[in-house]
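Inspection log for the structure reproduced underneath, given as structure tokens.
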Amino acid sequence: MEIRNLGKSGLKISAISYGNWLTHGSQVEEDAALACVRQALEEGITTFDTADVYANTAAESVLGRALAGERREGLEIFTKVYWPTGPGAHNDHGLSRKHIMESIDGSLSRLGTDYVDLYQAHRYDYETPLEETMEAFADVVHSGKALYIGVSEWRAEEIRAAHALARELRIPFVSNQPQYNMLWRVIESEVVPTSEELGIGQVVWSPIAQGVLTGKYKPGQDAPAGSRATDSKGGADMISRWMKDDVLERVQQLQPIADEAGLTLAQLAIAWVLHNPNVSSAIIGASRPEQVTDNVKAAGVKLEDEALRRIDEVLDPVVERDPAKTQSPRTRDFSDR
């Protein structure tokens, strides 16, 4: 397993990290989830990402049980705060001091640890002053409950403002967790240059575009039974933007490039993400241990310039690059959740 620094910090993490969004506590039975985590550890993955909102806190509990007994110093455990948890009452979400301070304690209890290595703001909160949020994060860090601070899906100007406050408060703001893959490149024009300037690394989710970049979805054909595209618990909604024949046809055209590189399409997609020097780690998920084994083979792969050029040539007409697509809810009205 390749090991990288998280941004310009001293924290070292595995280039491929394991995440349990849409799997642990919901799509995947616990025995299967535990088997996937054990396989991740066997393959050299040391970095595990979760969030309190995943399966309404159940995913954190499953991950905590899966990692129980492992040497804590040899792991990097990440979690997040923002989205509604519990019954979703008016203070059960957002980045207020109240919600952050209560949420970190809940996450630590479920994960079975005294601290998390990285505590992340899961979206930007437009209803809470940024100063309040960052001061609460500073107290979390200074109390030893988190070692580093990060964000997820924040815009460049939001990252810059938070970084300035973090410097004043003397806390290490080291990461952003955006969606990023061959088809979704909205961070490249603004977020990445800002992050490079500030020493912030990307820990990216959906490197295989919810499975679309594996090539298993064929144009003109129904989605395979049991796949993400048939999941009624949220997966189908997330993948719908790419379930179009023009996108699926172009993904199939990547197969010769993968073959020439000696990779599966999924490995090609992950290796492509890791080729970006501002990406510290790519998060993979799995419902079966063999998926973990397959995906980790992308770690350390160096793609030739010609392969990168051909990928761009094939996908360019269907790639999303608009930086405005990075967005957080303007209101914390989650009454329709």
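The values are calculated or read from the model by the stated rules, or taken from the named source; none is laboratory data. Since the structure is predicted, the reported quantities are computational estimates derived from the model, not experimental observations. Note: ideal-geometry Cβ built from the backbone for every residue, glycine included; neighbour counts use all protein chains shown. Just the protein is used for accessible areas: all its heavy atoms, side chains included, with ligands, DNA and RNA removed. Shrake-Rupley method; radii C 1.70, N 1.55, O 1.52, S 1.80 Å.
For the residue pair D312 and E29, what label-to-label distance in nm results when each label sits 7 Å from Cα along the Cα-to-beta-carbon direction?
Placing both labels 7 Å along Cα→Cβ, they lie 4.7 nm apart.
Can you tell me the FRET efficiency between K218 and A68 if r is taken as the Cβ-Cβ distance and R0 is 41 Å, rounded to the nearest 0.05?
Details: r = 41 Å, r/R0 = 1.00.
Once rounded, the FRET efficiency stands at 0.50.
Per residue, what accessible area does the chain have, given a 1.4 Å probe and all protein chains present, in Å²? Working shown, then result.
Numbers: 13940 Å² over 337 residues.
Heavy-atom SASA per residue in the chain reads 41 Å².
As a test of reading the structure, rank H93, H142 by solvent-accessible area (1.4 Å probe, protein chains only), most first. It would help to have the intermediate numbers written out before the result.
On the way: H93 15, H142 115 Å².
So the residues, ranked largest to smallest area, are H142, H93.
Separation of the stretch 61-105 and the stretch 237-287 by C-alpha centroid, Å?
Distance between centres, Cα-based: 29 Å.
Just tell me, in residue order, which DSSP H segments of the chain are both 24 angstrom or longer along the helix axis (alpha-carbon based) and at least 1.6 in mean Kyte-Doolittle hydropathy.
Numbers: long enough: none.
TM-like helix candidates: nothing returned.
Percent relative contact order of the chain, based on C-alpha pairs within less than 8 angstrom and at least six residues apart? The partial results should precede the final answer.
On the way: 651 pairs, mean separation 71.8, N = 337.
About 21 percent, as a whole number.
Under a Cβ-only charge scheme (Lys and Arg +1, Asp and Glu -1), can you give me the dipole magnitude of the chain about the Cα centre, in debye to the nearest 20?
Numbers: 35 positive and 51 negative charges, 49 e Å.
Here the chain has a charge dipole of around 240 debye.
Along Cα→Cβ, 7 Å out, is where each label goes; now give me the distance between the ones at Y126 and D305 in nm to one decimal.
4.3 nm
Between E2 and E260, what is the FRET efficiency for a Förster distance of 35 Å, r being their Cβ-Cβ separation, to the nearest 0.05?
Numbers: r = 22 Å, r/R0 = 0.63.
It comes out at approximately 0.95.
Per DSSP H run of at least 4 residues, take -39500 (n - 2.57); add these up for the chain, divide by its residues and hand me the 222 nm value, nearest 500 deg cm²/dmol. Numbers along the way, then the final one.
Numbers: 12 runs with 122 residues, N = 337.
The helix contribution divided over the chain gives -10500 deg cm²/dmol.
Give me the extension gain from R288 to K98: residue separation times 0.36 nm, minus the current Cα-Cα distance, reported in nm with one decimal. The partial results should precede the final answer.
Values: separation 190, 0.36 × 190 = 68.40 nm, distance 3.78 nm.
Fully extending the segment from R288 to K98 adds 64.6 nm.
At 0.36 nm per residue, minus the direct Cα-Cα distance, what do H90 and A58 gain on full extension? Give it in nm, one decimal, please. Let's see the in-between values first.
On the way: separation 32, 0.36 × 32 = 11.52 nm, distance 2.07 nm.
Value of the extension gain: 9.4 nm.
Heavy atoms only, probe 1.4 angstrom, no DNA, RNA or ligands counted: give me K244, K8 ranked by accessible area, highest first.
K8, K244
Between N276 and S189, what is the label-point separation in nm under the 7 Å Cα-to-beta-carbon projection?
Distance between label points: 1.4 nm.
Could you work out the relative contact order of the stretch 1-77? I mean the mean sequence separation of Cα pairs under 8 Å and 6+ apart, divided by the number of residues, in percent. The partial results should precede the final answer.
Working: 104 pairs, mean separation 24.8, N = 77.
It comes to 32 percent, rounded to a whole number.
In square nanometres, what is the average projected area of the Cα convex hull of the stretch 1-117? Walk me through the numbers before you get to the answer.
Working: hull surface 29.9 nm².
If I average the Cα hull's projected area over directions, I get 7.5 nm².
Can you give the FRET efficiency to the nearest 0.05 for A161 and D245, using r as the Cβ-Cβ distance and R₀ = 41 Å?
Numbers: r = 42 Å, r/R0 = 1.01.
Using R0 = 41 Å, I get an efficiency of 0.50.
What is the extension gain from L75 to R321, computed as 0.36 nm multiplied by their sequence separation minus the C-alpha to C-alpha distance, in nm to one decimal?
Numbers: separation 246, 0.36 × 246 = 88.56 nm, distance 3.39 nm.
Result: 85.2 nm gained on full extension.
Using a probe of 1.4 angstrom, how much of the accessible area of the chain is carbon and sulfur, in percent? Provide the component values of the computation, followed by the final result.
Values: 6410 of 13940 Å².
Answer for the chain: carbon and sulfur cover 46 percent of the accessible area.
Using θ = phi - 60° and the Karplus curve 6.51 cos²θ - 1.76 cosθ + 1.60, what whole-Hz ³J(HN,Hα) does each residue of the stretch 75-80 get, with Gly and Pro shown as x?
Going residue by residue, I get 10, 10, 10, 10, 9, 9 Hz, with x marking Gly and Pro.
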